[in-house]
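S.K.: This structure is in C-alpha cells; I'll ask about it shortly.
The values are calculated or read from the model by the stated rules, or taken from the named source; none is laboratory data. A quick note: this is a predicted structure, and the numbers were derived from the prediction, not measured. Here the Cβ is made from the backbone with ideal geometry for all residues, glycine too, and neighbour counts use every protein chain on show. Heavy atoms of the whole protein, side chains included, go into the accessibility calculation; ligands, DNA and RNA do not. Shrake-Rupley method; radii C 1.70, N 1.55, O 1.52, S 1.80 Å.
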Amino acid sequence: MYLSQLKAGGVICRQGEVARLVPGFSSTFDLAKAALAAKVSLADLIGRQGEGDVVDLVSLAASGKLDCPVRHPDAAHMFLTGTGLTHTGSASARDSMHADTAGMSDSMKMFRMGLEGGKPKDGEWGVQPEWFYKGTGVNAVAPLDGLESPSFALDGGEEPEIAGFYVIDTDGTPVRIGFTLANEFSDHVTEKINYLYLAHSKLRPASFGPELLVGDLPAHINGTSKILRDGKTVWEKPFLSGEDNMSHTIANLEYHHFKYGLFCQPGDLHVHMFGTATLSFADGFKTVAGDVFEVSAPEFGLPLQNPLVVAAETPFAVKKI
C-alpha cells in the first residue's frame, strides 16, 4: 500500500494500479494521528472510510500537484535528520574526501565500527552511527519543486536515500508511518574542505516521495540515481539499500535517533534518512543550475524528481534591540 499527499489537500491511497482518494482526510499526518487514536492500522482505518474517487496519480505527479507524502502543519515540529556511513559501499566516497595519510580516516573508522557492531542480536543495541541534522519542515521539498542551493554554497549535489517517516504518539512513543525515496541534497565541496564542515554541508533542503510505502522496508532495494540536463541523462548510477546492503539494521538506526527524549515529544513528525553509497560528486561530476535529479526504485512507485536551483544572494545584517 502506498500513500501520497496532495498539495491542495487530500490523501491518495494506491494499491496495485488503482489510486483513490481517502474520504474524510485532507492530510496523511491527520490520517496517521487518527489511526493512532483509534488504535488501528492505517490499512484498517482507510478500509473503514470506504472507497473514494479514483484519481490519475501519474498525471497528478507529472503536474507537480503532489507534496511530500507526510508534512506537519507546523514546520517547526517536523525534523529532518539522517545517518551516514551506513551502507556497505558508503565508505569509499567519503574516505576519498578525508583520507588520512597517517592511517585510517575517521570516516573509515566509523564505517568499520558499523560493520562490526551495527547489526546486534535481538534485544541488544549496536554501535551508534554518524548522525546529522538537516533542519525543520521548512527544508522539506515536494517532488518536482526546486532543491535550492544557497548563494554561499560551493556545490549542490544529490544523495539518493530511503527515509522513514515517524509520528510521536501521545505517550512519547515513536511510530513509523512508512518509507519513501529521498534526495538528501548536500554541499560536498564544503564537506571536503574539512570533515568538521559536515554539519554545514547538510543544512540544505531535501526532497521526499512522491509515494510513501506503508509496511516494512524491503531487505534489498535496487534503485537508480540520475541527473538530466536539457532533457538528456548526463550521469547515471545504480544504488543499493535495504538491510542486505547496510552495515546497520533499521532498528539500530532508529534506536540511536529516538533514544533522545528531545526527539520523542508528542505530536512531532520526524523524517530520518538512512544513508547512501552513491554520489555523482564521487565521480567528479559537477552539477549546474537547471539540472534535474531523479531517484527511483521499483519498490517505491513513482520516481522522485527535482531541479537544482541556485539562490540569489540575499544581504542581511544582525540587528540589536
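S.K.: What is the packing order of peptides 125-131, 53-59, taking the mean over residues of other C-beta atoms within 10 Å and listing the highest first? Walk me through the numbers before you get to the answer.
M.R.: Working: 125-131: 18.4, 53-59: 13.4.
Descending mean neighbour count gives 125-131, 53-59.
S.K.: Got the relative contact order for the stretch 256-321 handy, in percent, Cα pairs under 8 Å and 6 or more residues apart?
M.R.: Values: 34 pairs, mean separation 12.6, N = 66.
For the stretch 256-321, the relative contact order is 19 percent.
S.K.: With no solvent and one equal point scatterer per Cα, compute the Debye intensity ratio I(q)/I(0) for the chain at 0.07 Å⁻¹ and report its log10, rounded to two decimals.
M.R.: Log10 of I(q)/I(0), two decimals: -0.27.
S.K.: Over the chain, give the accessible area per residue in Å² for a 1.4 Å probe, as an integer.
M.R.: Details: 14610 Å² over 321 residues.
Per residue, the chain has 46 Å² of solvent-accessible surface.
S.K.: How do the peptides 234-247, 270-283, 174-187 rank, highest first, by the average count of neighbouring beta carbon atoms within 10 Å per residue?
M.R.: On the way: 234-247: 18.9, 270-283: 22.7, 174-187: 24.4.
Highest-to-lowest ranking by the protection proxy: 174-187, 270-283, 234-247.
S.K.: Right, here's the next one. Projected onto the charge dipole of the chain (+1 at Lys/Arg Cβ, -1 at Asp/Glu Cβ, origin at the Cα centre), which of A62, G118, H257 gives the Cα projection farthest towards the positive end?
M.R.: Farthest towards the positive pole: H257.
S.K.: With the full set of protein chains in place, find how many percent of the accessible area of the chain is carbon and sulfur; take the probe as 1.4 Å.
M.R.: Numbers: 8000 of 14610 Å².
Solvent-exposed carbon and sulfur of the chain make up 55 percent of the total.
S.K.: Name the residue farthest towards the positive end of the dipole of the chain from the options P210, N222, A153, assuming +1 on Cβ of Lys and Arg, -1 on Cβ of Asp and Glu, about the Cα centre.
M.R.: Going by the charge dipole, the pick is A153.
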